Amino acid sequence: MDREYWEALRLHLKENINKLMEKAKELGVHGIFRALLEDIFLGWKPLEVVYLTILVGIQLVVYLNQPDSFVGMIAGVTGIINVIFVTKGKVSNYLFGLINVSIYLYLSIDSGFYGEVITSIYFLLMQFVGTYLWLLNVQQNQKTDEKHHFIKPKKLSVLGWVKAIFGMTVIWGIFGFIYKSIGANRPFRDSVTDGTNYVGQWLMNGSYSAQWLFWMGTNVFSIYLWWGASLEMTVMYWVFLINSIVGYIRWTKEARKKE
């Protein structure tokens, strides 16, 4: 890509950041805090509240019955809230995602899952990238609908699918060879979630409904990874798997409305 492309990209990024900063100045600290609380607490249907309560409750009950790790329990609860907020299209999901991935990074280091450490660092950075992209999405939607404060899902094109699958395969291979070089017993098995995680996060940041299929893959392999190592994390990924199915159905339905 030539210099003109990168310069245009830089100017576009600068323009968007300036727009968000202007909006932040307009709201002020009090307004930003109020907007955050509204995003967290408003826009829920009764059944959605029940759904959220049940899934969080499962995590709490598991911890109370078998107190394995308080930190693991917090990671589980914030992770569940995060993915359900993603399903709802709430930008505040990234706040809970930031808490969750920070704890997950600590747990991965403590458990010696160094492949997960690399992925966690990536997720940590992507929380800020995702917040930026989702705020732009919401701001764009509000130009046509002032009452719209949530993300509008998009359908992935055929070319998008080709890029996603290619990207997942490349990442899987790269990390597989990295793990092999450091002596991992099953390097290419361990790198499966790297492929699904990295692509899933990019699709999520871009508001694509296809993200949920990659999250399903991540959740299945993560259940296998954490089985026997942390009960709270295992339960969390079971809940994630259930929510990823719900999220896929909901986002696919919403994406079709835009066609």
Bins of 10 Å from zero: percent of alpha-carbon pairs in region 81-144: 23, 43, 24, 8, 2
Candidates G31, G195, G89, ranked by Gaussian network fluctuation over the chain, Cα under 10 Å, top entry: G31
Hull shadow area, averaged, region 45-166 [alpha-carbon convex hull, nm²]: 9.8 nm²
Mean shadow area of the chain over all directions, Cα convex hull, nm²: 15.7 nm²
Residue among Y132, Y224, Y122 with the largest mean-square fluctuation in a Gaussian network model of the chain, springs linking Cα atoms under 10 Å: Y224
Residue order, fewest to most surrounding Cβ atoms within 10 angstrom, among T78, T169, T218: T169, T78, T218
Descending principal axes extents, region 159-259, alpha-carbon based, whole Å: 49, 34, 15
Theoretical ellipticity at 222 nm over the chain - DSSP helices of four or more residues, -39500 (n - 2.57) apiece, nearest 500: -28500 deg cm²/dmol
Loop-located GluC sites (Glu not before Pro) in region 1-107 whose Cβ has at most 13 other Cβ within 10 Å (DSSP): none
Tail fraction, Cα-Cα pairs, region 16-108, threshold 15 Å, whole percent: 67 percent
R256-L124 pseudo-label distance in nm [points 7 Å out on the Cα-to-Cβ vector]: 4.1 nm
Greater than 24 Å apart at Cα, pairs in K45/K253; K45/K257; K25/K154; K90/K155; K90/K253; K23/K253: K25/K154; K23/K253
Cβ-based exposure ranking for L37, L124, L213, in which fewest neighbours within 10 Å come first: L37, L124, L213
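Readers should treat all values here as calculations from the given coordinates under stated rules, not as data from a laboratory. Values in this document were obtained by computation on a predicted structure and should not be read as measured data. For neighbour counting, all protein chains shown are included, and Cβ atoms are generated from backbone atoms with ideal geometry for every residue, glycine included.
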